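Just below is one structure, and these are the notes that go with it.
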């Protein structure tokens, strides 16, 4: 299920109380979460894997995490970077502006 599909399905959730973010706000916040949590993990995991180490040690939101490295996430980060590098210049430029604003560009654009 894609993130956009999930947001659309969640947008019609019945019985939920409180205010909902708009679709664009929800997507932006989700990407910000990825920039602050998941991408740093992906990069740290790839670094550890490249050094032949078994554990990832990192700090997120002032909390220290120690966990086993994951081979799948190394491949996943490689795929994200590869797909980004293959985009046409116009698409890449538009995406770069968005990803830079939320802090995702640098980890995805580096190799």
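Just so it is clear, none of the values below were taken in a lab; they were calculated from the coordinates. None of the values given here were measured: they were computed from a predicted structure.
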Next item on the list: Enter the angle in degrees (range 0 to 90, nearest 10) between the Cα long axis of helix 89-102 and the first principal axis of the Cα atoms of the chain, meaning the one along which they spread out most.
Entry: 90 degrees
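Quick one: grab the alpha carbon gyration tensor of region 46-111, order the square roots of its eigenvalues as a ≥ b ≥ c, and give me rounded if a/c is under 1.5, else prolate or oblate depending on whether a/b is larger than b/c.
Judged from the Cα gyration tensor, region 46-111 comes out oblate (a/c at least 1.5, b/c at or above a/b).
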Next item on the list: With everything on Cα atoms, drop me the angle between helix 39-50 and the longest principal axis of the chain, reported from 0 to 90° to the nearest 10.
Entry: 20 degrees
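Take the Cα radius of gyration of the chain and divide it by 2.2 N^0.38 Å, with N its residue count; two decimals is plenty.
Working: Rg = 16.3 Å, N = 111, 2.2 N^0.38 = 13.2 Å.
Cα-based Rg divided by the globular estimate yields 1.24.
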